[in-house]
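Quick notes on the structure that follows.
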Amino acid sequence: MSECDPVPGGRPGEVERATALSGELAGRDVHGVVLAYVDTAGIARVKTVPTAKLAAAAAWGVGMSPVFDTFLADDSIVTTDVLGSPDGDLRLYPDLDRLTVLAAQPGWAWAPVDRITQEGVPHTACGRTVLRRTVAEAAERHGITFRAAVEIEWVVSRGNADGDAFVPAVSGPAYGAARQIGLSDCAADLLAALAAQGVDVEQLHPEYAAGQFEISVGALDPVAAADRSVLVRQTIRAVARRHGLRVSFAPAVLGQGVGNGGHLHLSAWRDGTNLHAGGAGRYGMTTEAESFVAGVLGHLPALTALTAPSPASGLRLRPSQWAGVFTAWGRETREAALRIVTGTAGIHDRAANLEVKPVDLAANPYLALASVIAAGLDGLVSSTPLPEEITGDPARLDPADAAARGVRRLPVSLAESVAAFRADGVLRTALGPVLADAVIAVRLGEAGVAEGLDDDGVAAAYRWKY
Ligand SMILES: NC(=O)CC[C@H](N)C(=O)O
């Protein structure tokens, strides 16, 4: 075999394509390619190769230890029966369809990777593979496809702040013009960089908390949406750095106050038709969409093990902060965990979707989307009935009324979300036993790291990890 014949982990034709692409990249003064994936703790980890080695990476992959599957956010390591050992190696295979020249990192391109064993078999704990499999099974077994988007919230801190302090880079009221003006140049550079990278931005605005901003982007198929959320965060961080600013996507950077969410938007489609619009159910949902929403609702406590996975997630998941901490749904209700978005009259058929709010950016976006889809499909195939909607803030419901309606507070600790996840066969099956065990070990590991810390201590411990 020549050096560039593909091994089983590669895709046919990829080597020739990578060779052509590396020539193009070199012509654009791109010297290196960032190969990125997200670990169980939600940290984006990377390797890089010189542009000239892209074809070799497409043929053979690039080595990386599987031990990162059980890394914690502070880089300490926990173990499961299968994972956490210093032995073994995996190969990172770049997805050339997603190769992107990084506008805010001159000289660099970026690609998400699939993790494959040296024998050419998908790695059991590869989150991107799990999401791709979940989506493929939904199409094959149920004829359902999805469109998804991940909202991104972050705070901008002065880069020269003392030590690890968070010092908001801009001040002024929530959603205020003063904040937009304060970040004007950086935000304009961000929009330019994302446009150059082919990311269609819907909105960028100053959010509620000090120094906080939010960006929303167009919907894509779920794997592409998860890739995009990783790319957008890489870009936000790189643009901010060029302006001498520091950013954090951590669920909470302070012990008190509104946190950073990573809400998921998801719609299920059949034969090119959005199941969330034009149906006979509530707000135009079809019966299938109602059951899909009911499925997500029923699995929410266990889902938080995937969607709100950090001790810092608990600082964000508090009532009356728009984080959606009650098992309830409502139309455009910002305090319910599930918000039915219908879109403006005239575009219901395209815009209607389900927003899942108890999700933050410590979540691995591949695992969060895979598990939410698995939960929704469970509802859909079981024709689970969707209960009554709520209006207003569920925190204000009389406790007996809340209990009668099945409105419960989501887990307030990782121990509780892990207990719910352990008991949830649907989610554990979607992830597979090896990855499910890694999730449990990593969550309990993080809980151990945070043990004994007060809220400010937890916020400080995770402030600059995400
Ligand atoms: N605009 C919003 O919905 C705010 C969301 C909120 N910051 C959260 O943590 O989820």
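The values are calculated or read from the model by the stated rules, or taken from the named source; none is laboratory data. No experiment lies behind these values; they were computed from the predicted model shown. For neighbour counting, all protein chains shown are included, and Cβ atoms are generated from backbone atoms with ideal geometry for every residue, glycine included. SASA here: full protein model, heavy atoms, side chains in, ligands and nucleic acids out. Shrake-Rupley method; radii C 1.70, N 1.55, O 1.52, S 1.80 Å.
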Dipole-positive endmost among 139, 310, 197 within the chain (Cβ charges, Cα centre): 197
Nearest-10 value in Å² for the accessible area of residue 65, using the 1.4 Å probe: 30
Estimated D of the chain in µm² per second, where Rh is the Kirkwood radius over Cα pairs and Stokes-Einstein applies at 10 °C, 1.306 mPa s: 70
Surface per residue (accessible, 1.4 Å probe) for the chain, Å²: 39
Simple label model, 7 Å out from Cα along Cβ direction - residue 19 to residue 393, nm: 6.4
Residue 48 accessible area, assembled protein chains, probe 1.4 Å, Å²: 70
241, 443, 228, 282, reordered so the largest accessible area comes first (probe 1.4 Å): 241, 282, 228, 443
Long-range tail of P(r) for the range 250-406 (Cα pairs > 21 Å, %): 43
Magnitude of the charge dipole, the chain, Cβ model with Lys/Arg +1 and Asp/Glu -1, debye to 20: 460
Among 167-179, 209-221, the order from most to least packed when residues are scored by Cβ within 10 Å on average: 209-221, 167-179
Average projection area in nm² (convex hull over Cα atoms of the range 327-466, one quarter of hull surface): 10.9
Relative contact order %, the chain, counting alpha carbon pairs below 8 Å whose residues are six or more apart: 17
Kirkwood Rh (inverse of mean 1/r, distinct Cα pairs), the range 120-159, angstrom: 13.1
Rounded percent of accessible protein surface that carbon and sulfur make up, the chain, 1.4 Å probe: 52
Rounded to 5, the percent of DSSP beta bridges in the chain classed as antiparallel: 85
HN-Hα J in Hz across the range 449-465 - Karplus 6.51, -1.76, 1.60, θ = phi - 60°, x for Gly and Pro: 4, 8, 4, x, 7, 7, 4, 5, x, 5, 4, 5, 5, 10, 3, 10, 7
For the range 136-262, projected area of the alpha-carbon convex hull averaged over all directions, nm²: 8.8
Calculated from backbone phi, Karplus (6.51, -1.76, 1.60) coupling profile of the range 64-74 in Hz, x at Gly/Pro: 7, 5, x, 4, 5, 4, 10, 6, 9, 4, 8
Exposure of residue 322 as accessible area (Å², to 10), given a probe of 1.4 Å and all protein chains: 130
Given charges at beta-carbon only (K, R positive; D, E negative), |dipole| of the range 377-466 in Debye: 260
Backbone HN-Hα couplings from phi across the range 315-329 [Karplus 6.51/-1.76/1.60, Hz, Gly and Pro as x]: 6, 7, 6, 10, x, 6, 10, 6, 8, x, 10, 10, 6, 7, 10
Percentage, to the nearest whole number, of Cα pairs in the range 1-125 over 24 Å apart: 30
